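Just so it is clear, none of the values below were taken in a lab; they were calculated from the coordinates. Quantities reported herein were computed from a predicted structural model and do not represent experimental measurements. When we count neighbours, we look across all protein chains shown, and the Cβ atoms used for this are built from the backbone with ideal geometry, even at glycine.
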Amino acid sequence: MRPPFLCVARTLWRADGAVAGERAIPEEIAVALTYDGSTQAVMMATPADLEDFAVGFSLSEGIVADLSEIERFEIVEREIGVELRMWLATSRAEALAQRRRYMAGPTGCGLCGIDSLTEAMRNLPPVAEAARFGASAIRGALASLAPLQLLNGETHSMHAAAFAVPGEGVVALREDVGRHNALDKLCGALARGGIDGASGMVLLTSRVSVEMVQKTAMIGAPLIVAVSAPTALAVRTAEAAGITLVAIARGDGFEVFSHPHRIAEETVAHA
């Protein structure tokens, strides 16, 4: 498998002139997701954690409802890219044949190629109501992300999606040049690791578009936290799905756009 990043020659220009050197840049390849011999999607992605990507995409797109419905999996490398081949349980294979669609787009373009408005705006499962999160837990999880982003530490150009559990911190993190891909990889990592999506929060180093909320709902996470702003449709979708959407989350605070009741007030002790 190709490495997730490469060191390439480059010339650095500054006010006092130019100097030769190297820079680490992320790799990007075509990744085809196939089911029972037919291509469902082609995405441009970073060649890392590809089994997580295959499982997560299958779950977040509703192609399967459970990891066990993927009966066989293999990675086939080709000169022009990689095929992630999956074979589904009979009932799922039949359902997929009825809703067959093909997607091909630029990096992590989560809705490219969808030919149905109903598919793009599909109904989402409501998330659990019980969970509550302290503001300090959210800030702490965000603060812990940077050291865990190993690929971004090399390239300074990768998105990350992480999952944090109160009292445990970040338990899973995946990176990719595409923000949708990073979240799909996280979804697959949680499923393969047996981690309950309802037990914690999804953390994103990107903006929050509607696809990111849809994928979070399929994970079952009650809280999504992002460093950048949400779209209006993302806020409406989070509201409808029962997800608490926190965005513009920085070291000095964050903004809550839906279901604020999940953010618990914390008593500050004064001497």
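Side notes on the structure shown:
- Pairs of Cα atoms nearer than 8 Å and 6+ residues apart set the relative contact order; for the chain it is 18 percent.
- Exposure proxy ranking, count of Cβ atoms within 10 Å, fewest first, for 203, 173, 183: 173, 203, 183
- Taking all pairs of distinct alpha-carbon atoms in segment 133-264, Kirkwood radius in angstrom: 14.2 Å
- With the simple spin-label model, which puts each label point 7 Å out from Cα in the Cβ direction, the residue 131 to residue 265 separation comes to 2.4 nm.
- Calculated FRET efficiency for the pair residue 236/residue 89, C-beta based, R₀ 45 Å, to 0.05: 0.85
- As a rough footprinting exposure proxy, the listed residues 177, 82 were ranked by other beta carbons within 10 Å of their own, and the order from fewest upward is 82, 177.
- Among 215-221, 136-142, sorting by the average number of other beta carbon atoms lying within 10 angstrom of each residue, highest first, gives 215-221, 136-142.
- Maximal additional length on extending the residue 255-residue 97 stretch stands at 52.7 nm, based on 0.36 nm per residue less the C-alpha distance.
- Gain on full stretching of the segment that runs from residue 30 to residue 76 - 0.36 nm per residue minus C-alpha separation: 15.4 nm
- By the beta-carbon count within 10 Å of each Cβ, the least crowded to most crowded order of 144, 258, 58, fewest first, is 144, 258, 58.
- Extending 7 Å from Cα along the Cβ direction at residue 146 and again at residue 19 yields two label points whose distance is 2.3 nm.
- All Cα pairs of the chain, percent lying beyond 35 Å: 19 percent
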